[in-house]
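The block underneath contains the structure these notes are about, expressed in structure tokens.
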Amino acid sequence: MKSPPLVSIVIPCYNAEYFLNETLESVFSQTWQNFEVIVIDDGSSDSTASVIRSFGSRIKAEFCSNHGVSAARNRGTELARGEFIQYLDADDLLTPDALEKRVKALVNSNADVAYSDWQKLEEGEEKNFYLGKIIARRIEDVHDDLQIALFTDFWAPPAALLYHRRTVEAIGFWNESLPIIQDARFLLDAALVGAKFIHVPGVQANYRVHKTAISLSCCNSASFVQDCFQNACQVEKIWKANGGINSKQLVALENVYGQIARFFFEHDRLKFYEVLAKIHNINPNYLPAGSKALRYLAKWFGYEQAEAIALAYRQAKRILVK
């Protein structure tokens, strides 16, 4: 009888002493038992190493200097032997049936990426966490074009995703040039290499939302938006190389660049002009989406002046609210 496929669970961690034990216990509680656990300690300065060593031979571990989460995942992937790869952040949790449901879904459908519903773990008082909002939506609910949905508004944490090895190998590596939104980009990269996705209903992952904003996207909004800009530039280049940008992709790029431009108009005017040049390069007649008022202002006064008026309005509103 053929043995069940092996799942490699790759966990990058950095100063995760408060959460890693619970995360690993959620792995060892899986109903699907044919798995290996690979933990990459990315230069932690707390007691993370002690937590890792307490699990002994049940996990394969490496201790590296700090190079970032993508580098840690890349190293974990190099060590992985499984037919399927489950990336898991060191503070997130798998429900007991997560691997079993996703593996069966991928095997039965011959799909490449399984994604499940997930639930937020909201931080309360005294660092306690309670069950929060359930995120249950399909990619096609965001956009009928898979790549556009993943480029724009669909996101799921690594804990909610299981990848077939062939797709991971086709992608090649986690994008280390995007330190903040690399997980969103890896998911998009799966679509860019032609992966087939399957939705597995039901909550199978718990994603921690920290009040202390340890997540990079919360810590530094300017860096987060810069990552989004870098990602958009890269995706535009890929789409151009793959037969040219179609009308739907053009709209998606305009919307993403437009959101980025609005942020930088207020916070970094030089960067705003860099983004604006990208917008005008793909559409010289660009008008912003979203607010009708902003769109009309752009028609009457030009886009840059419209943003100036909108910014003045937002600033005045903030003062009045105070």
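The values are calculated or read from the model by the stated rules, or taken from the named source; none is laboratory data. Note that the structure is a prediction, hence the values are computed from the model and not measured. With ideal geometry, Cβ positions are generated from the backbone for all residues, glycine too; neighbour counts draw on all protein chains shown. Note: areas computed on protein heavy atoms with side chains; ligands, DNA, RNA excluded. Shrake-Rupley method; radii C 1.70, N 1.55, O 1.52, S 1.80 Å.
Quick check on region 138-157. Is at least one of its residues among the basic types (Lys, Arg) and in a loop (DSSP other than H, G, I, E, B)? Steps first, please.
Quick first cut of region 138-157, residues among the basic types (Lys, Arg) only: 138.
If we keep only those that are in a loop (DSSP other than H, G, I, E, B) as well, we get 138.
So far as region 138-157 goes, yes, one or more of its residues are among the basic types (Lys, Arg) and in a loop (DSSP other than H, G, I, E, B).
Please name all residue pairs, on different chains or six or more residues apart, with Cβ atoms under 7 Å, provided the first residue is in region 196-208 and is under 27 Å from Glu123 (Cα atoms) and β-branched (Val, Ile, Thr) and the second residue is open to solvent by less than 30 Å² (accessible area, probe 1.4 Å) and outside any strand (DSSP E or B).
Here the result reads Val200/Arg102; Val200/Ala105; Val203/Thr95, each pair linking region 196-208 to a residue that is open to solvent by less than 30 Å² (accessible area, probe 1.4 Å) and outside any strand (DSSP E or B).
Just need a number here: residues in region 1-52 that are part of a loop (DSSP other than H, G, I, E, B), within 21 Å of Asn206 (Cβ to Cβ) and of a type outside the set (A, V, I, L, M).
Kept after step one, since they are part of a loop (DSSP other than H, G, I, E, B), are these residues of region 1-52: 1-6, 14-19, 29-34, 43-47.
The next check asks that each one be within 21 Å of Asn206 (Cβ to Cβ); those that pass are 14-19, 29-33.
So of that shortlist, the ones also of a type outside the set (A, V, I, L, M) come out as 14-15, 17-19, 29-33.
Total meeting the criteria: 10.
Taking Gly194 and the conditions (1) in a loop (DSSP other than H, G, I, E, B); (2) within 17 Å of the chain's Cα centre (by Cα), which numbered condition does it fall short on, given that it satisfies the others?
Condition (2) is where Gly194 drops out.
Has region 124-145 got any residue that is charged (D, E, K, R), touching a residue at least 60 places away in the same chain (Cβ under 8 Å), under 27 Å from Ala16 (Cα atoms) and touching a Phe, Trp or Tyr at 6+ places or on another chain (Cβ under 9 Å)? Let's see the steps before the verdict.
Step one: filter region 124-145 for residues charged (D, E, K, R), giving 125-127, 133, 137-138, 140-141, 144-145.
Among the residues that remain, those that are also touching a residue at least 60 places away in the same chain (Cβ under 8 Å) are: 127, 138, 145.
The next check asks that each one be under 27 Å from Ala16 (Cα atoms); those that pass are 127.
Next cut, touching a Phe, Trp or Tyr at 6+ places or on another chain (Cβ under 9 Å) only: 127.
Within region 124-145, one or more residues are charged (D, E, K, R), touching a residue at least 60 places away in the same chain (Cβ under 8 Å), under 27 Å from Ala16 (Cα atoms) and touching a Phe, Trp or Tyr at 6+ places or on another chain (Cβ under 9 Å).
Mind checking which pairs have a first residue in region 62-85 that is under 12 Å from Ile9 (Cβ atoms) and a second that is open to solvent by less than 50 Å² (accessible area, probe 1.4 Å) and hydroxyl-bearing (Ser, Thr, Tyr), Cβ under 7 Å, 6 or more apart or different chains?
Listed pairs, sorted by first residue: Arg73/Tyr87; Ala80/Ser8; Arg81/Ser8; Gly82/Ser8; Phe84/Tyr163; Ile85/Ser8; Ile85/Thr77; Ile85/Tyr163.
Answer yes or no as to whether Leu311 is open to solvent by less than 30 Å² (accessible area, probe 1.4 Å) and either of a type in the set (A, V, I, L, M, F, W, C) or on the phi < 0 side of the Ramachandran plot (or both).
Working: open to solvent by less than 30 Å² (accessible area, probe 1.4 Å): yes; either of a type in the set (A, V, I, L, M, F, W, C) or on the phi < 0 side of the Ramachandran plot (or both): yes.
Yes, satisfied.
Could you tell me which of the residues Glu169, Glu176 is free of Cβ contacts under 8 Å to residues at least 12 places away in the same chain and either open to solvent by 50 Å² or more (accessible area, probe 1.4 Å) or in a loop (DSSP other than H, G, I, E, B) (or both)? Even if it seems obvious, please write down each step before you answer.
Values: Glu176 fails: free of Cβ contacts under 8 Å to residues at least 12 places away in the same chain.
Exactly one residue qualifies, and that residue is Glu169.
Do we find that Arg53 is surrounded by fewer than 19 Cβ atoms within 10 Å (Cβ to Cβ) and either more than 23 Å from the chain's Cα centre (by Cα) or within 25 Å of Leu121 (Cα to Cα) (or both) in this structure?
On the way: surrounded by fewer than 19 Cβ atoms within 10 Å (Cβ to Cβ): yes; either more than 23 Å from the chain's Cα centre (by Cα) or within 25 Å of Leu121 (Cα to Cα) (or both): yes.
It is true that Arg53 is surrounded by fewer than 19 Cβ atoms within 10 Å (Cβ to Cβ) and either more than 23 Å from the chain's Cα centre (by Cα) or within 25 Å of Leu121 (Cα to Cα) (or both).
Rundown of residues vs (1) at pLDDT 95 or above; (2) touching a helix residue (DSSP H, G or I) at 6+ places or on another chain (Cβ under 8 Å); (3) over 24 Å from Arg165 (Cβ atoms); (4) among the basic types (Lys, Arg), yes/no style:
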residue	(1), (2), (3), (4)
Met1	no, no, no, no
Cys13	yes, yes, no, no
Leu20	yes, yes, yes, no
Thr23	yes, no, no, no
Asp41	yes, yes, no, no
Ser54	yes, yes, yes, no
Arg58	yes, yes, no, yes
Glu62	yes, yes, no, no
Val69	yes, yes, no, no
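Considering only residues that are open to solvent by 50 Å² or more (accessible area, probe 1.4 Å) and assigned to a loop (DSSP other than H, G, I, E, B), look in region 212-229 and name the one that is modelled with the highest pLDDT.
Top of the filtered list is Thr212.
How many residues does region 25-39 hold that are under 22 Å from Lys127 (Cβ atoms), surrounded by fewer than 18 Cβ atoms within 10 Å (Cβ to Cβ) and either at pLDDT below 95 or in contact with a strand residue (DSSP E or B) (Cβ under 8 Å, 6 or more places away or on another chain) (or both)?
Number of matching residues: 0.
Among the residues of region 71-94, how many are over 13 Å from Glu36 (Cβ atoms) and either buried (at least 21 other Cβ atoms within 10 Å of the Cβ) or of a type in the set (D, E, K, R) (or both)? Before the answer, list the steps.
So in region 71-94, the residues over 13 Å from Glu36 (Cβ atoms) come out as 71-75, 78, 87, 89-94.
Applying the additional criterion that residues be either buried (at least 21 other Cβ atoms within 10 Å of the Cβ) or of a type in the set (D, E, K, R) (or both) yields 72-73, 75, 78, 87, 89-94.
Of the residues in that region, 11 qualify.
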